[in-house]
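Colleague: Once you've had a glance at the structure underneath, I'll fire off some questions.
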Amino acid sequence: MAKLEIEGRVFDVDGDGFLSDPSEWNEEVAALIAKSDGIDQLNEKHWAILKIIRDNFEKEGNAPMIRKICQETGIKLREIYDLFPLGPARGACRVAGLPKPDGCV
Amino acid sequence: MVTQKIDIKKPLEILSRGDDSKLETNMNACVKCGLCAESCMYYLAFKEAQYVPGAKAELVSSIYRRYNTLAGKVAPALFNAKELNQEMAEKMVDMLFGACTMCGRCVKHCSIGVDIPYIVRKGREMLAAMNMVPATLQSTVDAALNTGNNMAIPQEEFIDTIKWMEEELIDEMEDVNARIPLDETDKSVFYTLNPREPKFFPLSISAIAKVFYAAKESWTISSKYYDVTNYGFFNGNNDQAAQIAGYLHDEIHKLRGKKLVLGECGHGSRATRWEGPGYLKKKFDFETITVVEVIASYIREGKITLDKSLNSSKVTIHDPCNLVRNGGLYSEIRFVVKSSVSDLQEMNPYGEDNFCCGGGGGALAMSEYNERRIKIGAIKAQQIAKSGAKVVITPCHNCVDQLQQLNHTYKLGVKIMTIAEIVADALVINKQ
């Protein structure tokens, strides 16, 4: 198991830096992971996206489709890619504390 | 990894079938010249002997000699003949899954052309027979086996996404005929996607839909079996590869499609088009072609009109290994890109000699080796930076994801695009 250290806090993560234990996640952890991706301050739009991803994970056990994120937050698709430069999977899902999705992401 | 007694019967059978002359000749052919070393991204990044491609192939060949040659049986130490045991198997996992993207660049640099990735793939078959496939890679294969797509997207969610993209396209084109037809029969094009498109990156779906609309193509996508990937090509389990290949094969028959058009996916194109008939042990009775070639034919036949000035940024091309070095699409990709952009700068090296993105061979799916993947990717990142391009075009979604991560990690400040996206941006639509 790999370790990820951000500002003195140490997390158990998989090789891609996704939290090994999603229950370790909270808003403070999200802000720290975001910082390590170069997002200094999570804004309202970031939080709206993270909330949907997190809710979906807790109910369905996986990441939501990007359609659901766009339609429930009202944020345009292209803007989501700007908000999370690493994309919805390596960017947003990681900040939301999910395990890494399978496939080419 | 848990230490356990391993069953070596099945993996050894893979090496001693006696009906695979390609394997036997390639395993016996290496002359240890070492020319392959500098061709390999892993060796260039780490400079350790274990990463030399020939040394990785030697892991498999040394086991072959130990059990299949008199010299190896009688004097193993003298002939570098090795036993297959737990330690050896773990070394094989680390080197053949964790340190080879099967990009085939070493084959082009080998003084006698040994097909090293073929031997590596056999090594992976041996490991699959021992249930030693890395968990993250197997999980991607399992998702495809169980649900028909490697991200386990439920059918209704896929349909909702396609309908959403269709509505946006109809709005953009101001034409109700700008459709994304699902599950329609007797169409000339049966199109396929990488599941990451509907799940997270659907702009490439609307891009290709726009191209098909402009070309007045008769096309459809299956709402159940649309996945162009086949991770069975990577995990080394041929039964699983065959089951996955069977999904597309059966679905195109069900919908009576004429042409299986492979979406932008390097390994998926290869695993379906070249390996698929082998996995299924039958010749395909439908045409199989990549979407790059289909778009090229639209341009040649005047079915679409492109305006290069609409893409004026400097672009470069990343050649996916399975489409160019191992797929013959060098010229077709150049033709399509040169028809769509006004300023193309090639990388160095490029084409058949291009470096892998670093995420091939299933590496992108294997978190276990993430650090190595990013480190070898530095070579690709330098190539991109030196080209001076602002846009990197690549017809492979796996490459797109790796390049996106390299873009972020190495602060390249470029935009990564698929071929359909760059072509869609250059389209001049004649209202229908």
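The values are calculated or read from the model by the stated rules, or taken from the named source; none is laboratory data. Computed from a predicted model, the values in this text were never measured in an experiment. For neighbour counting, all protein chains shown are included, and Cβ atoms are generated from backbone atoms with ideal geometry for every residue, glycine included.
Colleague: Which members of region B:62-91 meet the condition of being without any contact (Cβ under 8 Å) to a residue 40 or more places away in the chain and crowded, with 19+ Cβ neighbours inside 10 Å?
Modeller: B:SER62, B:ARG65, B:ARG66, B:GLY72, B:ALA81, B:LYS82
Colleague: On the given criteria, is B:ARG373 within 14 Å of chain A (Cβ to nearest Cβ), of a type outside the set (Phe, Trp, Tyr) and part of a helix (DSSP H, G or I)?
Modeller: So B:ARG373 passes the test.
Colleague: Still on this model: Could you please give the count of residues in region B:358-368 that are touching a helix residue (DSSP H, G or I) at 6+ places or on another chain (Cβ under 6 Å) and within 11 Å of another protein chain (Cβ to nearest Cβ)?
Modeller: 7
Colleague: Right, here's the next one. Which pairs have Cβ atoms under 9 Å, sit 6 or more apart or on different chains, and link a residue in region B:251-280 that is within 14 Å of another protein chain (Cβ to nearest Cβ) to one that is assigned to a helix (DSSP H, G or I) and among the hydroxyl-bearing types (Ser, Thr, Tyr)?
Modeller: Once the first residue is within 14 Å of another protein chain (Cβ to nearest Cβ) and sits in region B:251-280, its partners that are assigned to a helix (DSSP H, G or I) and among the hydroxyl-bearing types (Ser, Thr, Tyr) give B:GLY263/B:SER204; B:GLY263/B:SER269; B:GLU264/B:SER204; B:CYS265/B:THR272; B:ALA271/B:TYR279.
Colleague: Here is a further query. Regarding region B:121-130, can at least one residue be identified that is buried (at least 22 other Cβ atoms within 10 Å of the Cβ), closer than 22 Å to A:PRO99 by Cα and modelled with pLDDT of 95 or more?
Modeller: So far as region B:121-130 goes, no, none of its residues is buried (at least 22 other Cβ atoms within 10 Å of the Cβ), closer than 22 Å to A:PRO99 by Cα and modelled with pLDDT of 95 or more.
Colleague: Looking at A:ARG67, A:ARG94, A:ARG90, A:ARG78, which is the one that is over 22 Å from B:TRP164 (Cα atoms) and within 10 Å of chain B (Cβ to nearest Cβ)?
Modeller: Selected residue: A:ARG90, the only one of A:ARG67, A:ARG94, A:ARG90, A:ARG78 that is over 22 Å from B:TRP164 (Cα atoms) and within 10 Å of chain B (Cβ to nearest Cβ).
Colleague: While we're here: Limited to region B:368-393, what total is found for residues that are more than 20 Å from B:TYR42 (Cα to Cα) and either modelled with pLDDT under 95 or crowded, with 17+ Cβ neighbours inside 10 Å (or both)?
Modeller: Residues in region B:368-393 being more than 20 Å from B:TYR42 (Cα to Cα) and either modelled with pLDDT under 95 or crowded, with 17+ Cβ neighbours inside 10 Å (or both): 5 in total.
Colleague: Next question. If we scan region A:14-31, do we find a residue that is of a type in the set (Phe, Trp, Tyr) and touching a residue at least 24 places away in the same chain (Cβ under 8 Å)?
Modeller: Yes, some residue in region A:14-31 is of a type in the set (Phe, Trp, Tyr) and touching a residue at least 24 places away in the same chain (Cβ under 8 Å).
Colleague: Restricting the first residue to region B:19-37 and requiring it to be within 11 Å of B:ILE119 (Cα to Cα), which pairs with a second residue that is among the charged types (D, E, K, R) meet a Cβ separation below 8 Å and a spacing of at least six or different chains?
Modeller: That search, which allows pairs on different chains as well, returns B:LYS22/B:ASP115; B:LEU23/B:LYS122; B:ASN26/B:ASP115.
Colleague: Moving on to the next point. Just one of (1) surrounded by fewer than 21 Cβ atoms within 10 Å (Cβ to Cβ); (2) in a loop (DSSP other than H, G, I, E, B); (3) not basic (Lys, Arg) trips up B:ASN28, so point out which.
Modeller: Result: B:ASN28 fails condition (2) only.
Colleague: Among all residue pairs at least 6 apart or on different chains, which show Cβ distances below 8 Å where the first residue, located in region B:157-168, is in contact (Cβ under 8 Å) with a residue 40 or more places away in the chain and the second is part of a helix (DSSP H, G or I) and hydroxyl-bearing (Ser, Thr, Tyr)?
Modeller: B:MET165/B:SER206
Colleague: For region B:110-120, which residues satisfy the criterion of being surrounded by fewer than 22 Cβ atoms within 10 Å (Cβ to Cβ) and within 20 Å of B:TYR231 (Cα to Cα)?
Modeller: If the condition is that a residue be surrounded by fewer than 22 Cβ atoms within 10 Å (Cβ to Cβ) and within 20 Å of B:TYR231 (Cα to Cα), then B:TYR118 is the only one that fits.
Colleague: Here's something else I'd like to know. Of these, B:ARG179, B:ARG196, which one is farther than 24 Å from B:GLY302 by Cα and basic (Lys, Arg)?
Modeller: The unique qualifying residue is B:ARG196.
Colleague: Continuing with this model, one more query. If you check A:LYS100 against the conditions, is it more than 13 Å from chain B (Cβ to nearest Cβ) and not aliphatic (A, V, I, L, M)?
Modeller: Taking the combined requirement at face value, the residue does not satisfy it.
Colleague: Further question on the same structure: If a residue has to be at the interface with chain A (Cβ under 10 Å from one of its Cβ atoms) and on the phi > 0 side of the Ramachandran plot to count, how many in region B:120-159 make the cut?
Modeller: 1
Colleague: Select from region A:85-105 the residues that are touching a residue at least 40 places away in the same chain (Cβ under 8 Å) and within 26 Å of B:THR229 (Cα to Cα) and list them in ascending order.
Modeller: Passing the criteria: A:PRO85, A:LEU86, A:ARG90, A:GLY91, A:ALA92, A:CYS93, A:ARG94, A:LEU98, A:PRO99, A:LYS100.
Colleague: Within region B:394-432, how many residues are surrounded by 24 or more Cβ atoms within 10 Å (Cβ to Cβ), within 11 Å of another protein chain (Cβ to nearest Cβ) and either modelled with pLDDT under 95 or part of a loop (DSSP other than H, G, I, E, B) (or both)?
Modeller: 1
Colleague: Related question: Being surrounded by 24 or more Cβ atoms within 10 Å (Cβ to Cβ) and more than 18 Å from the chain's Cα centre (by Cα) is true for just one of B:ILE299, B:ILE221. Which residue is that?
Modeller: Going through B:ILE299, B:ILE221 in turn, the sole match is B:ILE221.
Colleague: Among the numbered conditions (1) in the same structural domain as B:GLN404 (by TED's automatic domain parsing); (2) under 19 Å from the mean Cα position of the chain (by Cα), tell me where B:SER340 comes up short.
Modeller: So B:SER340 meets the others, but not (2).
Colleague: Has region A:36-50 got at least one residue that is aromatic (Phe, Trp, Tyr), surrounded by fewer than 18 Cβ atoms within 10 Å (Cβ to Cβ) and modelled with pLDDT of 95 or more?
Modeller: Checked against the condition, which is being aromatic (Phe, Trp, Tyr), surrounded by fewer than 18 Cβ atoms within 10 Å (Cβ to Cβ) and modelled with pLDDT of 95 or more, region A:36-50 yields at least one hit.
Colleague: Taking region B:15-60, which residues are among the hydrophobic types (A, V, I, L, M, F, W, C), within 26 Å of the chain's Cα centre (by Cα) and farther than 30 Å from B:GLU371 by Cβ?
Modeller: B:LEU15, B:LEU23, B:MET27
Colleague: With the requirement that a residue be more than 22 Å from B:ILE153 (Cβ to Cβ), free of Cβ contacts under 8 Å to residues at least 24 places away in the same chain and more than 12 Å from the chain's Cα centre (by Cα), what does region A:44-75 give you?
Modeller: A:GLU44, A:GLY74
Colleague: When you scan region B:303-316, do you find a residue that is surrounded by 21 or more Cβ atoms within 10 Å (Cβ to Cβ) and either modelled with pLDDT under 95 or over 30 Å from B:ASN430 (Cβ atoms) (or both), even just one?
Modeller: yes
Colleague: Given the conditions (1) assigned to a loop (DSSP other than H, G, I, E, B); (2) not assigned by TED's automatic domain parsing to the domain that holds B:ASN26, and given that B:CYS100 satisfies all but one, which numbered condition is not satisfied?
Modeller: Tallying (1) assigned to a loop (DSSP other than H, G, I, E, B); (2) not assigned by TED's automatic domain parsing to the domain that holds B:ASN26, B:CYS100 fails exactly one: (2).
Colleague: Which ones in region B:180-198 are within 11 Å of another protein chain (Cβ to nearest Cβ) and either in a loop (DSSP other than H, G, I, E, B) or within 18 Å of A:GLU79 (Cβ to Cβ) (or both)?
Modeller: Answer for region B:180-198, where residues must be within 11 Å of another protein chain (Cβ to nearest Cβ) and either in a loop (DSSP other than H, G, I, E, B) or within 18 Å of A:GLU79 (Cβ to Cβ) (or both): B:ASN194, B:PRO195.
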